[in-house]
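Let me begin by presenting the structure, written as structure tokens, before commenting on it.
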Amino acid sequence: MKVLLMTIVLVLVGSTGVALYQKPKKTKTEMIQRGKYLVTVADCNGCHTPLKLTTQGPVSDSSRFLSGYPGSVPVPKVPTEILGPDKWAGLFSLENAFAGPWGVSFPRNLTPDTTTGLGSWTEAMFIKALRTGKDMGEGRDILPPMPWESFGKMTDADLKAIFAYLGTLKPIENPVPDPISPTGERLPTATGGKLPNK
């Protein structure tokens, strides 16, 4: 009887002890810091922040941090000889645009601006977009060179942390141009534009 009673006590204490040592949930501040770290090491800034010229050469323009291709800048003319099934190019100037078999793509505005950035997105839309490769989780294809396939392999916790961090940025109103298909049509999210040969 004593052995049975001791076993029950040990089981109860042991199960209580397990609950005491569960990993604590991250605070909102810790989540945002994790998101900032992930955005930094993934170099989101490399494509999504326009550049400015300095005496040291081009550097990221911190006043337009993660605001995407500047909507006020004319879309660059793409030389036809760089487009084809086996060709693509970065159109690097002080803004980033990319051309290839998919047409021309522009880095989107990742700031929380509600009309031109991610401010109207939900966390679920953000995660779905990076898991499915669809803009807003169900629109047109997310085009190269955005490595959504790699981001889609992140944990839900990491994607939530990135979204939380992006929500803390200064909202910048910047209407990024819609991508251009290889035949010259615009591919807005609402039309469900598809990547060629898919």
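The values are calculated or read from the model by the stated rules, or taken from the named source; none is laboratory data. The structure presented is a predicted model; accordingly, all values stated were derived computationally and were not measured. Virtual Cβ from ideal backbone geometry, glycine too; neighbours counted across all protein chains shown.
Residues that are aromatic (Phe, Trp, Tyr) and surrounded by fewer than 19 Cβ atoms within 10 Å (Cβ to Cβ) within segment 56-79 comprise just one, PHE65. Looking across segment 139-188 at every residue that is basic (Lys, Arg) and modelled with pLDDT of 95 or more, the one that is farthest from ARG64 (Cα to Cα) is identified as LYS153. On the stretch given as segment 138-170, residues that are more than 16 Å from ASN109 (Cα to Cα), free of Cβ contacts under 8 Å to residues at least 24 places away in the same chain and surrounded by 14 or more Cβ atoms within 10 Å (Cβ to Cβ) total 1. Quick check: anything in segment 20-32 under 22 Å from ARG108 (Cα atoms) and at pLDDT 90 or above? Within segment 20-32 (the criterion being under 22 Å from ARG108 (Cα atoms) and at pLDDT 90 or above), the answer is yes, since at least one residue qualifies. When LEU130 is tested against (1) surrounded by 18 or more Cβ atoms within 10 Å (Cβ to Cβ); (2) assigned to a loop (DSSP other than H, G, I, E, B); (3) aliphatic (A, V, I, L, M); (4) in contact with a helix residue (DSSP H, G or I) (Cβ under 8 Å, 6 or more places away or on another chain), just one condition goes unmet, and that condition is (2). Yes or no: VAL39 surrounded by 11 or more Cβ atoms within 10 Å (Cβ to Cβ), within 28 Å of PRO107 (Cβ to Cβ) and modelled with pLDDT under 95? Taking the combined requirement at face value, the residue does not satisfy it. Selection within segment 100-124: residues that are surrounded by fewer than 17 Cβ atoms within 10 Å (Cβ to Cβ) and within 19 Å of LEU187 (Cα to Cα). The member of this set that is nearest to the chain's Cα centre (by Cα) is THR115.
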